[in-house]
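Notes follow once the structure below has been shown.
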Amino acid sequence: MTMRSGFVPVVLSALALALACGAGGGGADAGPDVPDVISGDAVPDAETAAPKVCSVRARGAIGDGTTVDTVAIQAAVDECAGTGGTVLLEEGTYVSGTIWLRSGLTFHLDAGARLLGSEARSDWTGPGLVSAEGVEDLVIEGPGTLDGNGQYWWNNWLAGEDNWRPERLVRLTDSRRVTVRDLFLTQSPKWTLHLLACDDVLVDGVRIRNTVGDTILSPNTDGIDVDACRRVEIRNADIETGDDCIVVKNGTPGWRRESYDINVHDCTCAAWANGFKIGTRPGADVHGVVFRDSVVQASVDSAPGTRVLGGLTLVSDDGASVYDILADNLHMKAVQAPFFLRVQERDLGDEEGGRITAAGRLYGVTIRNLTADDTTLPGMIMGIPGHAVEDVTLENVSITNSRGGTLSDRDATPSERNLEYPDAPYFGTLPAYGLFARHVTGPLVTRGTVEFHGSAAVEERAAVVLEDVGQKDLSGTVLGTEVVDRDQPAGP
């Protein structure tokens, strides 16, 4: 796999950060070179002016957790735009509606600073609490918190009279050279961090928590959505959320375009849906995607034991090609399906006038160095008649299924489910405990050591079941593994 060169993560002046962190009120310890945060004008050096620091408190923000501070925060952003300086949110809770960020600045939340979404619908003037469109050279950074006040909005959506909620916590659209780092994102009303048609993006050290309690869920709160983007790196993310964890897609009408060079690594994902995912609805080609050196696990902070639906889910259901995909060195525990590769059509119902999308292509997938402990479903590779999954390689894969199955389960034939929503558990009982592959032209290849372990309880199913699988080479599968090819006549 070749990743395109030219991606240089945005890191605006370190001096701006140092000045911002020391400028919380202009006290006696600030030193003689700290900019005047009351006026917003930097004290100039003899030769070079220091980067501008725009304190939101100096522009009238209160930060008391009650006063709506949108106007003051926006004023600080507008004043700092294009200067390469820093908008500074000092310690405090700032209730706010949508803040529109601009090019050429750092939006910095100090430790103890919390930007809290307003409960007034009229305060949300954009798609997210923090929004930007058409910007360049932007940094959004912590260590403070962006809080979407999600529980209020989830309840409003589920039981409110208008069933309305904000669409995003953060949405960055049509933007270039953007960094989001060292932030705590929590209680998103819906999707948490949405990158839409953005290029040259670094997301580093972001922590996301969108689940609360044992009975209150956080519906549709994807962690990070990389939507029609190019040259994106996501690293060191720690995510627990009520939907998918990290998703690559091309699903927003009006913004769909070819997406590539997306590198996700060193992350921990606890999702109530899928861990790493491509799709659904990739409306333009997606390729050159890497998921590596990461953990996918059941939820930890709330409702412990809630299983991830799919550790790695790759879906082409909107006519586009998804190819050149690498999953490497992933450890999964307490997931349902360790991987789910799917080509299908999809009936969108009323979502887009009843349009039925065409099946696309899924090929060039390598899954290697994957360990999945305590699964309840096998790995699944599934096309539909006439639209098969193409070449897939499994290398050094170990899957341990903890559920078990009966002789009756061994004979199961899952329905095609062509037009329905594609998630692995919806196919019901499967005839294999390690790998089920259907409608695959191939080549389907196993290399290195590929092993499947059944439950300590009763397990009457085969480890591997193949159905309508063309070219295949399973020489990497551990000797003695039971493989049933339903296209071949049964032995004596």
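The values are calculated or read from the model by the stated rules, or taken from the named source; none is laboratory data. It should be emphasised that the depicted structure is a prediction, and the values quoted were computed from it without experimental measurement. Methodologically, a virtual Cβ is constructed for each residue, glycine included, from the backbone with ideal geometry; neighbour enumeration extends over all protein chains shown.
Selection of the stretch 403-418 for residues being over 22 Å from PRO338 (Cβ atoms) and exposed (fewer than 13 other Cβ atoms within 10 Å of the Cβ) yields LEU407, SER408, ASP411. Among the residues making up the stretch 192-230, those that are among the hydrophobic types (A, V, I, L, M, F, W, C) and either surrounded by fewer than 18 Cβ atoms within 10 Å (Cβ to Cβ) or at pLDDT below 95 (or both) are VAL212, ILE216, LEU217. Of all the residues in the stretch 433-477, those that are within 12 Å of VAL392 (Cα to Cα) and acidic (Asp, Glu) number 1. On the stretch given as the stretch 280-302, residues that are part of a loop (DSSP other than H, G, I, E, B) and either of a type in the set (D, E, K, R) or surrounded by fewer than 19 Cβ atoms within 10 Å (Cβ to Cβ) (or both) total 5. Considering the stretch 328-339 alone, what residues qualify as being more than 15 Å from TYR433 (Cβ to Cβ) and crowded, with 24+ Cβ neighbours inside 10 Å? Residues satisfying the conditions are LEU330, MET332.
Between ALA42, ALA75, ALA61, the distinction of being farther than 19 Å from ALA113 by Cβ, surrounded by 18 or more Cβ atoms within 10 Å (Cβ to Cβ) and either touching a Gly at 6+ places or on another chain (Cβ under 9 Å) or modelled with pLDDT of 95 or more (or both) belongs to ALA42 only. Going through (1) in contact with a Leu (Cβ under 7 Å, 6 or more places away or on another chain); (2) surrounded by fewer than 23 Cβ atoms within 10 Å (Cβ to Cβ) one by one, SER316 falls short only on (2). Quick check: is even one residue across the stretch 445-455 free of Cβ contacts under 8 Å to residues at least 40 places away in the same chain and either within 22 Å of THR280 (Cα to Cα) or surrounded by fewer than 16 Cβ atoms within 10 Å (Cβ to Cβ) (or both)? No, the stretch 445-455 contains no residue that is free of Cβ contacts under 8 Å to residues at least 40 places away in the same chain and either within 22 Å of THR280 (Cα to Cα) or surrounded by fewer than 16 Cβ atoms within 10 Å (Cβ to Cβ) (or both). Every condition in (1) closer than 20 Å to ASN210 by Cβ; (2) out of contact with any Ser or Thr (no Cβ under 8 Å at 6 or more places or on another chain) is met by ILE262 except one, and the failing one is (1). Output the qualifying pairs, or none if there are none: Cβ atoms under 8 angstrom, residues six or more apart or on different chains, first residue in the stretch 415-438 and closer than 19 Å to ARG307 by Cα, second residue acidic (Asp, Glu) and in a loop (DSSP other than H, G, I, E, B). Qualifying pairs under 8 Å: PRO422/ASP317; TYR426/GLU420.
If the condition is being buried (at least 20 other Cβ atoms within 10 Å of the Cβ), part of a strand (DSSP E or B) and out of contact with any Cys (no Cβ under 7 Å at 6 or more places or on another chain), then the stretch 94-105 contributes TYR94, VAL95, SER96, ILE99.
In this structure, is THR70 more than 17 Å from GLN187 (Cα to Cα), of a type in the set (Ser, Thr, Tyr) and touching an Asp or Glu at 6+ places or on another chain (Cβ under 8 Å)? So THR70 fits the description; yes. Within the stretch 113-141, being touching a residue at least 60 places away in the same chain (Cβ under 8 Å) and assigned to a loop (DSSP other than H, G, I, E, B) holds for one residue alone: PRO127. Do the conditions hold for THR371, that is, is it surrounded by fewer than 19 Cβ atoms within 10 Å (Cβ to Cβ), of a type in the set (Ser, Thr, Tyr) and under 22 Å from the mean Cα position of the chain (by Cα)? So THR371 fits the description; yes. Scanning the stretch 341-365 for residues that are of a type outside the set (Asp, Glu), out of contact with any Phe, Trp or Tyr (no Cβ under 9 Å at 6 or more places or on another chain) and either modelled with pLDDT of 90 or more or in a loop (DSSP other than H, G, I, E, B) (or both) turns up LEU341, ARG342, VAL343, GLN344, LEU348, GLY353, GLY354, ARG355, ALA358, ALA359, GLY360. Note on the stretch 140-150: residues that are closer than 25 Å to ASP174 by Cα and either polar (S, T, N, Q) or within 19 Å of the chain's Cα centre (by Cα) (or both) total 6. Residue count for the stretch 232-279 under the criterion of being out of contact with any helix residue (DSSP H, G or I) (no Cβ under 9 Å at 6 or more places or on another chain) and part of a strand (DSSP E or B): the result is 27.
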